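The values are calculated or read from the model by the stated rules, or taken from the named source; none is laboratory data. Note that the coordinates shown come from a computational prediction; the quantities given were computed from them, not determined experimentally. For neighbour counting, all protein chains shown are included, and Cβ atoms are generated from backbone atoms with ideal geometry for every residue, glycine included.
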Amino acid sequence: MSLARQHFQKHSAKAAAVSAAEFGTMQDQSFYELQLAQLNNDRHRLKQIQSTEAKIQLKKALVPTYLAYVDGIIEADKSVQDDVFMTVLVWCIDTEHYAKALEMTEFALTHDMIMPDRFERKTATLVTEEIANAFLKQLKTNAEVDIEVLQQLEQLVLHTRFEEKLPDMPDQVKAKLLVALGKGTIKQIQDKDEPSDSDIQFAQSAQAYLERAIQLDDKCGGKQDLKNMDAMLKKFASQAPKQAEPLLNANGSQVVDDQGNLQFKTT
């Protein structure tokens, strides 16, 4: 898509959202209707494909054609329901375009946008479950995992700054995200025999994620990982060097040498 076309789409989307905010709906906004018609045409193309892998490849080709429109809606910053925007959000998750998906999710949650009926889940629930499922699948392989995506999602749906808008979702979905965070954090541990301070912190963080996940859903699938983390942290503790004790005088004061350095007990 040319830069001129992108500019036109972004400007037109922004204008449609601003106008819709005045009248309360995107329906009857001509540019929105054009985008919705294009979306329905693309959805029809996708329905003709049986292979999930092939569907994803087509979505990868389609998503960029809608991003200028999405940016226009975000720039308008209006609370208007938009089925095109919400569908593209789902496609961004499907195609692992997570940075854009999280940006769109924050916008959607801020403006109380809901998923089209066909998706059958609330916005935060769908986004959290789909991203968590994708990462849990990836974590079963040796592939590198971008844990920052999960961390950003955690901040967005579990610790959002909009406290009154903290999304409601099933505990099982929250648990999936926490298990993914736990497993992803475990992957960051570099040395399980001679751990660094950061390795110990990763293990403690993973332990906390998994404990919370199991509290929310006893069948979340994180119990074995938690056992492994508990055992690993006990091992780390046993390997930690003992603090040397200062040498004391008979009166209980600490012993120092001629240079004023503390003296310690020898073993």
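Table for the structure above
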| quantity | calculated |
| --- | --- |
| Verdict on ALA132 being in a helix (DSSP H, G or I) and either crowded, with 20+ Cβ neighbours inside 10 Å or over 16 Å from the mean Cα position of the chain (by Cα) (or both) | yes |
| Filter result for VAL127 (within 25 Å of ALA20 (Cβ to Cβ), in contact with a Leu (Cβ under 8 Å, 6 or more places away or on another chain) and not assigned by TED's automatic domain parsing to the domain that holds GLN9) | yes |
| The stretch 183-215 - residue that is out of contact with any Leu (no Cβ under 7 Å at 6 or more places or on another chain) and farther than 20 Å from VAL145 by Cα and, of those, surrounded by the most Cβ atoms within 10 Å (Cβ to Cβ) | PRO195 |
| Yes/no for LEU126 being surrounded by 19 or more Cβ atoms within 10 Å (Cβ to Cβ) and farther than 20 Å from GLY222 by Cα | yes |
| Count - residues of the stretch 182-223 that are of a type in the set (S, T, N, Q) and part of a loop (DSSP other than H, G, I, E, B) | 3 |
| Flag for GLN172 being outside the structural domain of ALA101 (by TED's automatic domain parsing), closer than 27 Å to HIS97 by Cβ, part of a loop (DSSP other than H, G, I, E, B) and of a type in the set (S, T, N, Q) | no |
| Filter pass, TYR32 being farther than 25 Å from LEU150 by Cα, without any contact (Cβ under 8 Å) to a residue 60 or more places away in the chain, surrounded by 13 or more Cβ atoms within 10 Å (Cβ to Cβ) and outside the structural domain of MET169 (by TED's automatic domain parsing) | yes |
| The stretch 124-152 residues that are without any contact (Cβ under 8 Å) to a residue 60 or more places away in the chain and over 15 Å from VAL179 (Cα atoms), paired with ones that are small (Gly, Ala, Ser) and buried (at least 17 other Cβ atoms within 10 Å of the Cβ) (beta carbon under 8 Å, 6 or more apart) | VAL127/ALA101 |
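Listed here are the residues, each with its yes/no results for (1) closer than 20 Å to ALA143 by Cα; (2) in contact with an Asp or Glu (Cβ under 8 Å, 6 or more places away or on another chain).
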{"site": "GLY184", "(1), (2)": "yes, no"}
{"site": "ILE189", "(1), (2)": "yes, yes"}
{"site": "ASP193", "(1), (2)": "no, no"}
{"site": "LYS219", "(1), (2)": "no, no"}
{"site": "LYS227", "(1), (2)": "no, no"}
{"site": "MET232", "(1), (2)": "no, no"}
{"site": "LYS235", "(1), (2)": "no, no"}
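Each row is one residue, and each column tells you yes or no for (1) of a type in the set (Gly, Ala, Ser); (2) outside the structural domain of SER30 (by TED's automatic domain parsing); (3) not in a helix (DSSP H, G or I).
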{"residue": "VAL80", "(1), (2), (3)": "no, no, yes"}
{"residue": "PHE85", "(1), (2), (3)": "no, no, no"}
{"residue": "LEU89", "(1), (2), (3)": "no, no, no"}
{"residue": "LYS100", "(1), (2), (3)": "no, no, no"}
{"residue": "THR105", "(1), (2), (3)": "no, no, no"}
{"residue": "MET115", "(1), (2), (3)": "no, no, yes"}
{"residue": "GLU148", "(1), (2), (3)": "no, yes, no"}
